[in-house]
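Peer 1: To start, I am sharing the structure in question, which I have written as structure tokens.
What follows is calculated from the coordinates using simple rules that are stated; it is not laboratory data. Computed from a prediction, not measured in an experiment: that's the story for all the values here. Don't worry about glycine lacking a Cβ; one is built from the backbone with ideal geometry, like all the others, and counts go over all protein chains shown.
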Amino acid sequence: LGGALYLQKRAEKREEATYTLSGSSQLPKFSVSDADAKAIDQITIQQPSNDAGVGAKVVLKKEGDEWKVVEPLKAKANTSNVDGLLDNLKALALTEVVSDSADTYSQYGVSDTAAVHVSANKGADVVADLYFGHGGSRGQLMRIAGKPGVYGVKGYSRDIYTREDLEGQLRNSL
């Protein structure tokens, strides 16, 4: 049993070495604190184009204490779904550097045209500007706007950002 565990751990380390950079590549600072999440007053989620060439875009805006969907239509937002989205932003934590090059964005699905783009703002200040790409056995891959590189991230809840009827899920029933 001990030998099998040793061989499994050795295989995991070899696999990790094939996709994890070591040495000078370090994780950038990234976190969304409770205070940051409370201060966010606009969230934009841009899904990549589907087979028909159409990508969904939803813009949420906080007006006073209420969240509203302002694009693609105007409606009151579903508070629990918006709270879930903000909680998920707080839960995100970088785990590894997968690539330190912008040349690999397409390979990992984090390019401008392939990724789910999420931006959260507090007025004119950007709190988070993230591109989510491929996920799988290595976890979710992500890039941060303005910082070259692709990172593994834990805490990502794909369903929050990629629902088929994203706009419908984020607004209250009319």
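Peer 1: Spin-label point model (7 Å from Cα, Cβ direction): what's the T95 to R158 distance in nm?
Peer 2: Label at T95, label at R158, 1.4 nm between them.
Peer 1: Separate question: Let me make sure I get this right: for the range 42-117, a, b and c are the square roots of the gyration tensor eigenvalues over alpha carbons, sorted descending. Under 1.5 in a/c it's rounded, otherwise prolate if a/b > b/c, else oblate. Which is it? Walk me through the intermediate numbers first.
Peer 2: Working: a/c = 3.24, a/b = 1.51, b/c = 2.15.
Cα axes put the range 42-117 in the oblate bin.
Peer 1: How about K76: which lysines have a C-alpha closer than 25 Å to its C-alpha, ignoring those fewer than 8 places off in the same chain?
Peer 2: K38, K57, K61, K62, K68, K90, K122
Peer 1: While we're looking at this one, here's another question. Taking H placed 1.01 Å from N in the peptide plane, check which residues at least 5 places from V110 or on another chain put their amide H under 5 Å from its amide H.
Peer 2: Hits under the 5 Å cutoff: H134.
Peer 1: Something else now. Let's test the formula: R0 of 30 Å, r as the Cβ-Cβ distance of K147 and T79. What FRET efficiency results, to the nearest 0.05?
Peer 2: 0.40
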